[in-house]
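Notes follow once the structure below has been shown.
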Amino acid sequence: MQPELKWQPASAMNQSILSAKLCQWILHPGSFMQRLEEHGAIQPRVQVLCHEWQSAVDDERSSLNLATDSETLIREVLITSEDKTWMYARTVFPREVLAIEPQLEHLATRSLGSVLFSNPTMRRSEFEVVNVGANTEWYQVISQSTPLHADHVWARRSKFYLQEKPLLLTEVFLPDIETL
């Protein structure tokens, strides 16, 4: 059995265990794509790995307060530019959010932030963070999509509320992020 991820509030994280650069990325509350461009990434793009209706995993359902049998739209992407892979992201969209903002169901290669950060009703929760070790299922899933040349990676997650209805975004910072 693989160990569960132990999410903790970012405010409780010991920031000294991260590089200053990675810590700034993890704690940045704005658009990741916009920040990538501001730091010199050339034409960052979204590569869709999964976009389908399925059940969220237990801790996602718990975070969103969803019933066990709830189907959600799951979107998994890599964010890349040039020969770099910056991030793996997984978004859980409950049906209620898609009813409020239907274009979220049809993002294709458009960034999630391009919709969320332009919505005047949007608010974002505080971040939770976790160190994703090579012995976790998350690490195994990510390494199937992109080579990971590290024994662990850091992730954050937060809820975005649209008209007080939440969606959950988990963002895993890949080793290339340290090169910006």
Normalised convex hull volume, the range 91-180, alpha-carbon set, Å³ per residue: 122 Å³
Derived scalar couplings ³J(HN,Hα) [the range 73-86; Karplus, 6.51 cos²θ - 1.76 cosθ + 1.60; whole Hz; x for Gly, Pro]: 7, 10, 10, 10, 9, 10, 10, 10, 6, 6, 9, 10, 10, 8
Order of Asp69, Asp58 under a 10 Å beta carbon neighbour criterion, fewest first: Asp69, Asp58
Whichever lysines have a C-alpha closer than 28 Å to that of Lys165, once near sequence neighbours (fewer than 8 apart) are set aside: Lys6
The chain, dipole about Cα centre (Lys/Arg Cβ +1, Asp/Glu Cβ -1), debye to the nearest 20: 400 debye
Summed residue charge, Cβ within 15 Å of Gln140's Cβ, Lys/Arg positive, Asp/Glu negative: -3
Among Ser145, Pro44, Ser62 the positive-end extreme of the charge dipole of the chain (Cβ point charges): Pro44
Cα extents of the range 1-56 along the three principal axes, largest first (Å): 40, 38, 18
Convex hull (Cα only) mean projected area of the range 53-115, reported in nm² to one decimal: 4.9 nm²
Taking Phe127, Phe117, Phe93 and counting other C-beta atoms within 10 Å, the order from fewest to most: Phe117, Phe127, Phe93
Stokes-Einstein translational diffusion, the range 11-179 - Kirkwood Rh over all Cα pairs, 0.890 mPa s, 25 °C, in µm²/s: 149 µm²/s
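Readers should treat all values here as calculations from the given coordinates under stated rules, not as data from a laboratory. Computed from a predicted structure; not experimentally measured. Backbone-built Cβ (ideal geometry, glycine too); neighbour counts: all protein chains shown.
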